[in-house]
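Heads up: the structure comes next, in structure tokens.
The values are calculated or read from the model by the stated rules, or taken from the named source; none is laboratory data. Remember, predicted model here, so these are calculated numbers, not experimental data. For neighbour counting, all protein chains shown are included, and Cβ atoms are generated from backbone atoms with ideal geometry for every residue, glycine included. Only protein heavy atoms, including side chains, enter the accessible area calculation; ligands, DNA and RNA are left aside. Shrake-Rupley method; radii C 1.70, N 1.55, O 1.52, S 1.80 Å.
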Amino acid sequence: MGLLRRELGHRAVQYARTYRLPHCLSYGQAPTVCFERYDDDSRHGNFLPSSYKTIFKNWTWRRRLLKVHPQGRKSLPSREYGIWQELDSCTSSDALLMNVFCCPSTFKDGRVYSMLNVKPGATPEFGLRARVPLTNGKFDRTEVDMRLGDLLVEAKLTESDFQGAPKSVVNAYRDFCEVFSCEDLPQTRGDYRSYQLIRNVLAAHASDCSFCLLTDARRPDLIEAWYAVMRCICPVELRLRCRVLTWQELAKALPRIVRRFLEEKYGID
């Protein structure tokens, strides 16, 4: 994770200087780059221009850009206007996801739909609130990074892990013991590990969807954590609907303009 963050930070600095993009560096020994949008909102340094224009025309997508940066006040210089957003950061997996799936040419030849096993014509939904049933009859509105047709996607880049949660929280999901071999899941005495993955699989089960973890090939730790959870899924049909795909694998199906952007800014090829 640390090596990848440093590589992305270095690439982002070079990218910002090459294209003279407004940006700043976070505080600390291994700073990350946060890009600023242009005053006229015509461009944002953290986004492929064609993707950003498309995002800006779609209110539901544009609203995603307003997510507040959780460490903005502590780790970034104050800005002249407004506050820093999470998707300003060069390490934001959400920004990477939107760069790829909001580009108008991404779906044109159908290769991405085919790779993801999604019916052509599906439109991405970002930050979807899935309804995962609880034992008390209510629902946990788990946020899914993206839904594309009947596919739920969790996107990762430099995140340290998939978080953990107390067993009492996880056991409150109605279908938890039906979907998972609970005793085999990665866990400590009081917590289940990889809580985000558990929630996403339960969301896929509840909505009769497939699930895909989209992560970087340079993060074998996240891939191993996913397989540790996937092998504990009991229903065979559901397990077959769950998969992992790397950004590098996905890049092979993307249009040239997106591939060039990913290689230059993220080192994804």
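Is one or more of the residues making up the range 142-152 assigned to a loop (DSSP other than H, G, I, E, B) and in contact (Cβ under 8 Å) with a residue 12 or more places away in the chain?
For the range 142-152, residues assigned to a loop (DSSP other than H, G, I, E, B) and in contact (Cβ under 8 Å) with a residue 12 or more places away in the chain: present.
Selection over the range 1-23 of residues that are surrounded by fewer than 17 Cβ atoms within 10 Å (Cβ to Cβ), touching a residue at least 12 places away in the same chain (Cβ under 8 Å) and outside any helix (DSSP H, G or I) gives a count of 2. For the range 24-42, residues that are open to solvent by 50 Å² or more (accessible area, probe 1.4 Å), in a loop (DSSP other than H, G, I, E, B) and either touching a residue at least 40 places away in the same chain (Cβ under 8 Å) or closer than 15 Å to residue 90 by Cα (or both) total 3. Does residue 196 meet the test of being open to solvent by less than 70 Å² (accessible area, probe 1.4 Å) and without any contact (Cβ under 8 Å) to a residue 40 or more places away in the chain? Taking the combined requirement at face value, the residue does not satisfy it.
For the range 254-268, the criterion of being farther than 21 Å from residue 160 by Cα and outside any helix (DSSP H, G or I) is met by at least one residue. Here residue 57 meets the list (1) modelled with pLDDT of 90 or more; (2) within 17 Å of the chain's Cα centre (by Cα); (3) over 21 Å from residue 260 (Cα atoms); (4) not aromatic (Phe, Trp, Tyr) almost entirely, failing just condition (2). Put simply, of 170, 153 the only residue that is surrounded by 19 or more Cβ atoms within 10 Å (Cβ to Cβ), hydrophobic (A, V, I, L, M, F, W, C) and within 14 Å of residue 205 (Cα to Cα) is 153. Could you tell me whether any residue of the range 190-200 is among the aromatic types (Phe, Trp, Tyr) and part of a strand (DSSP E or B)? Looking through the range 190-200, at least one residue is among the aromatic types (Phe, Trp, Tyr) and part of a strand (DSSP E or B).
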